[in-house]
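The values are calculated or read from the model by the stated rules, or taken from the named source; none is laboratory data. Computed from a predicted structure; not experimentally measured. Counting neighbours? That spans all protein chains shown, and the Cβs are built from the backbone with ideal geometry, glycine included.
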Amino acid sequence: MPLTEPQVRNARPRERPYKLYDSGGLFLMVTPSGGRHWRFRFARHGKEQLLSFGSYPTIGLSAARRKRNAAREKLMDGVDPGEERRAARAATRADTRPTFKLAALEWHALRRHEWTPGYATQVMNRLEADVFPDLGSRPIADIQPAEMLKTLKRVEARGVLETNRRLKQYCSAIFRYGVASQYCVHDPAAPLRGALKAPPRPKHHKALSRDQVGEFLLRLASYDGEPETRIAIHLALLMAPRTTELRAARWCEFENWRDDDATALWRVPAERMKMKEAHFVPISRQSRALLVELQKHSGRSDFLFPGRNGQEVMSNNTMLFGLYRMGYHGRTTTHGFRRLFSTEANEHGWNDDWIERQLAHDERNRVRAAYNAAQYLNQRREMMQWWADRLDGLRDAAKAKFKEESGD
């Protein structure tokens, strides 16, 4: 006969577990410790199985019967309630495991102090646009190389191969972080080497040849645009900095430049440098003269090259458009000035270390970099004065050649 509520309520523990049967496969298991647990027995593919419905009194007799009836309906529909429950539990466990997005956010927070704010934003924007929609909610431990390849192939189809290369690098770094954090055991992006189209090799920035420098300086001297643009282009040629470093330069970063002082120096703070290390740039006599001229135009600003139309500093394209105005579209860039300086200084025989330090290039030999903190300031002062004088010499030679050809 079916159980009654009093029978269930008054069931007492015995020395050994025993069962109180209801109907339709439902029974109450009473344990020696006093526990009263609902069980449902059913057959599936010729095998007897048990399903737990919870414990009394949390689950009363009526509630246990409703669970039994629901399970029997599933069986009639061909659904195994035991397998369904195991799948639900597995899904719940998966939901609590670290996802790719969680690992990516932790990795990004760990690394962002090494990057500029703009680059940190760019990295996150790329992940949100191209990786999180496919893999963000997936447990990072479950992601396989085929899934990673499918995601990157979708980006590759847009033709943005360099972006795709960087995305693969970001994902690989995130998986390595996941391995270190015990979120996963492997990097599924690592086996993709050779499975994606490689971006074209980067082209060198257009640079002037030695024979073109003199004419360029003559055109620059007669530049008919804003004087600040002309001075910025000239300083970029004389000092060989990165354009971003020069555009955001502040007057307070320049020392001993107002007088004819051999110790004149531009100290670029670490936060504005690509490699996040302070950079020291010796100032030649010619550069000092340009700074004196520039102060008449922007001396009241904190910046050497204040921006317009609400911008804090000169636009990224101002110098480039200035070169276009001079007729050098496709012939050179301000970054090409760095290549020109490096070529000329190396051919002249200046020390490689001095040249690389002037260009603020990262030391590729990490062991050597750890021990070599030399700035070579005295040597670089001599080198940069040589460079400024050489530019003057090339300009004067071009001027003399022009006069000779014109018959003046």
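Points worth noting:
- The one condition in (1) part of a loop (DSSP other than H, G, I, E, B); (2) surrounded by fewer than 18 Cβ atoms within 10 Å (Cβ to Cβ); (3) among the charged types (D, E, K, R) that K153 fails to fulfil: (1)
- Some residue of segment 134-142 being within 14 Å of F100 (Cβ to Cβ), touching a helix residue (DSSP H, G or I) at 6+ places or on another chain (Cβ under 6 Å) and of a type in the set (A, V, I, L, M, F, W, C): yes
- Members of segment 100-150 found to be part of a loop (DSSP other than H, G, I, E, B) and within 18 Å of R166 (Cβ to Cβ), listed by number: W115, T116, V131
- In segment 160-189, the residues that are free of Cβ contacts under 8 Å to residues at least 24 places away in the same chain, touching a Phe, Trp or Tyr at 6+ places or on another chain (Cβ under 9 Å) and assigned to a helix (DSSP H, G or I): R176
- Residue match in segment 3-10 (condition: assigned to a loop (DSSP other than H, G, I, E, B), among the hydrophobic types (A, V, I, L, M, F, W, C) and over 53 Å from the mean Cα position of the chain (by Cα)): yes
- Hey, R230 at pLDDT 95 or above, surrounded by 18 or more Cβ atoms within 10 Å (Cβ to Cβ) and either outside the structural domain of R357 (by TED's automatic domain parsing) or farther than 16 Å from M384 by Cβ (or both) or not: yes
- In segment 33-70, residue nearest to R9 (Cα to Cα) [restricted to those that are among the aliphatic types (A, V, I, L, M) and either in contact with an Asp or Glu (Cβ under 9 Å, 6 or more places away or on another chain) or not assigned by TED's automatic domain parsing to the domain that holds R16 (or both)]: L61
- Selected residue (criterion: modelled with the lowest pLDDT) from residues of segment 190-227 that are of a type in the set (K, R) and either under 30 Å from L105 (Cβ atoms) or outside any loop (DSSP other than H, G, I, E, B) (or both): R193
- Within segment 28-58, the only residue that satisfies the criterion of being assigned to a loop (DSSP other than H, G, I, E, B) and crowded, with 19+ Cβ neighbours inside 10 Å is Y56.
- Considering segment 133-146, the residues that are of a type in the set (D, E, K, R) and either loosely packed, with under 15 Cβ neighbours inside 10 Å or free of Cβ contacts under 8 Å to residues at least 24 places away in the same chain (or both) include one that is nearest to V179 (Cα to Cα), namely D142.
- Qualifying residues in segment 367-408 (those that are in contact with a Lys or Arg (Cβ under 7 Å, 6 or more places away or on another chain) and at pLDDT below 90) - the one surrounded by the most Cβ atoms within 10 Å (Cβ to Cβ): Y376
- Selected residue (criterion: nearest to H335 (Cα to Cα)) from residues of segment 228-269 that are part of a helix (DSSP H, G or I) and of a type in the set (V, I, T): T243
- Just one of the listed residues (R300, R288, R247) is assigned by TED's automatic domain parsing to the domain that holds H361 and exposed (fewer than 13 other Cβ atoms within 10 Å of the Cβ), namely R300.
- Selection within segment 242-261 - of a type outside the set (D, E, K, R) and under 15 Å from Q286 (Cβ atoms): F254, W257
- Residues satisfying the stated conditions in segment 302-314, i.e. in contact (Cβ under 8 Å) with a residue 12 or more places away in the chain and of a type in the set (S, T, N, Q): none
- Hits in segment 70-88 - residues which are touching a strand residue (DSSP E or B) at 6+ places or on another chain (Cβ under 9 Å), part of a helix (DSSP H, G or I) and of a type outside the set (A, V, I, L, M, F, W, C): R72, P81, G82, E83, R85
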